[in-house]
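*Asks:* Handing you this structure, nothing more for now.
The values are calculated or read from the model by the stated rules, or taken from the named source; none is laboratory data. Keep in mind it's a predicted model, so treat the numbers as computed, not measured. FYI the Cβ positions are ideal-geometry reconstructions off the backbone, even for glycines, and counts take in every protein chain you see. Heads up: the accessible areas ignore ligands, DNA and RNA and are worked out on the full protein's heavy atoms, side chains in. Shrake-Rupley method; radii C 1.70, N 1.55, O 1.52, S 1.80 Å.
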Amino acid sequence: MTPAVIQLAAQAAERQSAEVTSFGARMAWVVGLAVFVAFVYWLMRQGWKWRGALQNDLPELPAAPDGLPEHRLALTGRYHGSTTAGQWLDRIVAHGLGLRSRVELTLTDAGLDVVRPGANDFFVPAAQLRGARLDKGIAGKVLTEGGLLVVTWAHGDKLIDSGFRSDRAAEHAAWVEAINLMNSSDSFITTEGAER
């Protein structure tokens, strides 16, 4: 190729090349997107705090008493949250009940001991246990049918459903039977089949 042809080809390539994106415009878009994401996160946090303020009337969670009797059952797994009994989407966030975590459950004659590493532990006295069932979902967590152990208990003047999933799901049936046997049939309140 001759130098004149090379020069003409270079000039043609310059005319056809795409315009380079402005660094300032690109940074404005990135900053704008970051501000939008931060705003959405702030709104979600405010909603969580507002829900907690609405549930401020819920008493403090009881702690496990010293010297618990021999345990009937124990499991490790996940705590998926608590809701108002029979309303599987009405999450309770007061006192840390809305925080998902690992869990170590222990059922004794005195009640249900819920130990949650990284979250508030609590204890449900046997007199406050109202029953247990297998279910498929609770506030933001849906599993296969019977994949969730839901324990219903009274706290203050409110009935609460708490959802647990064992590392070994075959244990759930034994838990349902043991908790339901702890209570007389007239005090057992079921919320199975609640409208979803």
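*Asks:* Would you kindly identify the strands (runs of 3 or more DSSP E) lying entirely within region 118-196 that contain at least 1 residues that are modelled with pLDDT under 90 and open to solvent by 40 Å² or more (accessible area, probe 1.4 Å)? Spell out the reasoning first.
*Replies:* Details: elements: 122-125, 129-135, 148-155, 158-166.
Filter on region 118-196 gives 158-166.
*Asks:* Another question, then. If you check Phe23, Phe36, which single one turns out to be over 30 Å from Asp121 (Cβ atoms) and modelled with pLDDT under 85?
*Replies:* Phe23
Residue by residue, here is whether (1) under 26 Å from Trp50 (Cα atoms); (2) touching a residue at least 24 places away in the same chain (Cβ under 8 Å); (3) of a type outside the set (S, T, N, Q) holds:
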{"site": "Ser82", "(1), (2), (3)": "yes, yes, no"}
{"site": "Arg91", "(1), (2), (3)": "yes, yes, yes"}
{"site": "Arg130", "(1), (2), (3)": "no, yes, yes"}
{"site": "Lys158", "(1), (2), (3)": "yes, yes, yes"}
{"site": "Arg165", "(1), (2), (3)": "no, yes, yes"}
{"site": "Ala169", "(1), (2), (3)": "no, no, yes"}
{"site": "Glu177", "(1), (2), (3)": "no, no, yes"}
{"site": "Met182", "(1), (2), (3)": "no, yes, yes"}
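*Asks:* Output the residues belonging to region 107-116 that are outside any loop (DSSP other than H, G, I, E, B) and open to solvent by 40 Å² or more (accessible area, probe 1.4 Å). Before the answer, list the steps.
*Replies:* Step one: list which residues in region 107-116 are outside any loop (DSSP other than H, G, I, E, B), which gives 107-108, 111-115.
The answer is Val115, and nothing else.
*Asks:* If you check Arg72 against the conditions, is it within 21 Å of Ala139 (Cα to Cα) and basic (Lys, Arg)?
*Replies:* Spelling it out, it is not the case that Arg72 is within 21 Å of Ala139 (Cα to Cα) and basic (Lys, Arg).
*Asks:* State the number of residues belonging to region 48-80 that are without any contact (Cβ under 8 Å) to a residue 60 or more places away in the chain, hydrophobic (A, V, I, L, M, F, W, C) and not in a loop (DSSP other than H, G, I, E, B).
*Replies:* 5
*Asks:* Does region 80-105 hold any residues that are closer than 21 Å to Ala126 by Cβ and surrounded by fewer than 18 Cβ atoms within 10 Å (Cβ to Cβ), and which are they?
*Replies:* Glu104
*Asks:* Could you please find all residues in region 39-66 being modelled with pLDDT under 80, more than 22 Å from Val103 (Cβ to Cβ) and open to solvent by less than 80 Å² (accessible area, probe 1.4 Å)?
*Replies:* Ala53
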